[in-house]
Ligand SMILES: Nc1ncnc2c1ncn2[C@@H]1O[C@H](COP(=O)(O)OP(=O)(O)O)[C@@H](O)[C@H]1O
Ligand SMILES: [Mg+2]
């Protein structure tokens, strides 16, 4: 499985998504996370704590991906249009994490237009940092996307401090046993299970 996580926007949970999907897929087979961010976020995080999968930058990854069953590509905050094209074309599934907040909508439309043009049948939006009810941004964006016939994961990622705590410690949330961490992990597990259905390598 070759999964790319990308969007024109930073801070939407790309790295968090890549880390947790790689954690899930590592259980199924050897998994490599390609840290495409020049800031090497995942590598730095892993040095603080520990990640269960292999991490490589794009250069190293070029030669080693063939040894892995699953490849998860994390990308930099704002890849240029040309980069986005390369990233999107090569994968089995392009995941576009999106925070439901009206301010983000313009960038989302740009990202979706690019995905729709490049890989119409291979991309899917993931709602991340979804605020808890009664806040309505999550359901509102979901129905907007549905109306626009944009593919969206059924599972979504709630806004939970557990993700920040885990990242600060350098581990995936699955390393922690408290209730919020378990909820956080369950959310990404649900996403991964959907991916297993959608992406047919
Ligand atoms: N579901 C979530 N709930 C709360 N905080 C989150 C969630 N997902 C990510 N974060 C935090 O938001 C920040 C940005 O997330 P990150 O995954 O680095 O985004 P990106 O890679 O798109 O820039 C990080 O501090 C991360 O820990
Ligand atoms: Mg990132």
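Results, tabulated for the structure shown:
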item	result
Residue in region 52-59 that is at pLDDT below 90, closer than 26 Å to residue 171 by Cα and away from ligand 2 (no atom under 13 Å from the Cβ) present	yes
In region 91-130, the residues that are exposed (fewer than 15 other Cβ atoms within 10 Å of the Cβ) and part of a loop (DSSP other than H, G, I, E, B)	101, 120, 121
Enumerated helices (runs of 4 or more DSSP H) restricted to region 1-72, each holding at least 1 residues that are within 13 Å of ligand 1 (Cβ to nearest atom), closer than 30 Å to residue 109 by Cα and under 12 Å from the mean Cα position of the chain (by Cα)	14-26
From 166, 140, 101, 190, residue being free of Cβ contacts under 8 Å to residues at least 60 places away in the same chain and within 16 Å of ligand 2 (Cβ to nearest atom)	166
Among the residues listed as 184, 192, 162, the single one being at pLDDT 95 or above, part of a helix (DSSP H, G or I), surrounded by 17 or more Cβ atoms within 10 Å (Cβ to Cβ) and touching a strand residue (DSSP E or B) at 6+ places or on another chain (Cβ under 9 Å)	184
For residue 156: the one exception among (1) modelled with pLDDT of 95 or more; (2) exposed (fewer than 14 other Cβ atoms within 10 Å of the Cβ); (3) assigned to a loop (DSSP other than H, G, I, E, B)	(2)
Conditions (1) in a helix (DSSP H, G or I); (2) under 14 Å from the mean Cα position of the chain (by Cα); (3) within 16 Å of ligand 2 (Cβ to nearest atom); (4) under 30 Å from residue 146 (Cβ atoms); number of the one not met by residue 88	(3)
Condition met for residue 133 (surrounded by fewer than 19 Cβ atoms within 10 Å (Cβ to Cβ), in contact with a strand residue (DSSP E or B) (Cβ under 6 Å, 6 or more places away or on another chain) and free of Cβ contacts under 8 Å to residues at least 40 places away in the same chain)	no
Of the criteria (1) within 14 Å of ligand 2 (Cβ to nearest atom); (2) within 17 Å of the chain's Cα centre (by Cα), which one residue 111 fails	(1)
Close pairs from region 1-12: first farther than 16 Å from residue 196 by Cβ, partner in a loop (DSSP other than H, G, I, E, B) and near ligand 2 (Cβ under 10 Å from one of its atoms), Cβ under 6 Å, at least 6 apart	10/77
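The values are calculated or read from the model by the stated rules, or taken from the named source; none is laboratory data. As the structure is a computational prediction, the values presented were derived from the model and not from experiment. A quick note on method: Cβ atoms are made from the backbone with ideal geometry, for glycine too, and the neighbour counts reach across all protein chains shown.
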